1. Report, by chain and number, residues whose modeled amide H sits under 5 Å from the one on residue 54, excluding near sequence neighbours (fewer than 5 apart, same chain).
2. For the chain, what D do you get in µm² per second when you plug the Kirkwood radius from alpha-carbon pairs into Stokes-Einstein at 20 °C and 1.002 mPa s?
3. Taking H placed 1.01 Å from N in the peptide plane, check which residues at least 5 places from residue 37 or on another chain put their amide H under 5 Å from its amide H.
4. Whole-Hz Karplus ³J(HN,Hα) for the stretch 5-14, in order, using 6.51 cos²θ - 1.76 cosθ + 1.60 and θ = phi - 60°, x for Gly and Pro?
5. When you count, for each residue, the other Cβ atoms within 10 Å and take the mean per peptide, how do 56-66, 7-17 rank with the highest first?
6. Averaging sequence separations of C-alpha pairs under 8 Å and six or more residues apart, then dividing by the length of the chain, give the relative contact order as a whole percent.
Amino acid sequence: MITHVVLLQPKDSTSIEELTAFLEQVQALQEIIPGIISLSVGENRSVFNGGFTHGIIMRFADKEHLYAHYIHPAHVALVTELDRICRQSIDFDLPETA
């Protein structure tokens, strides 16, 4: 299994409604893209967030499913929206060990 973490730093012009709608679309990916074991989205509760106010955690069955999700049309569409509403994002992939 591999964990894919995305940290979001929204643009100042991004409304909470836009961000909420985006995160709802991200949650729907679990029903659309094969190999997603679990998916969580939400607001960062840490005061040491460096401007990264929201995040996404996706757990994939394996790295093949992680890589396949990058080119899935539903993911590609969300990346376009992410680029529109975020100043910056960070992707972080961690293999899970038994």
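What follows is calculated from the coordinates using simple rules that are stated; it is not laboratory data. Just so it is clear, the structure is predicted and the values come from calculations on it, not from any experiment. No Cβ is skipped: glycine too gets one built from the backbone with ideal geometry, and neighbour counts run over all protein chains shown.
1. Amide H neighbours of residue 54, under 5 Å, 5+ apart: 8, 44.
2. 155
3. Excluding prolines and chain starts, which carry no amide H, the hits are 59, 60, 61.
4. Couplings: 10, 10, 9, 10, 10, x, 5, 4, 7, 7 Hz.
5. In decreasing order of mean packing, 56-66, 7-17 become 56-66, 7-17.
6. 49
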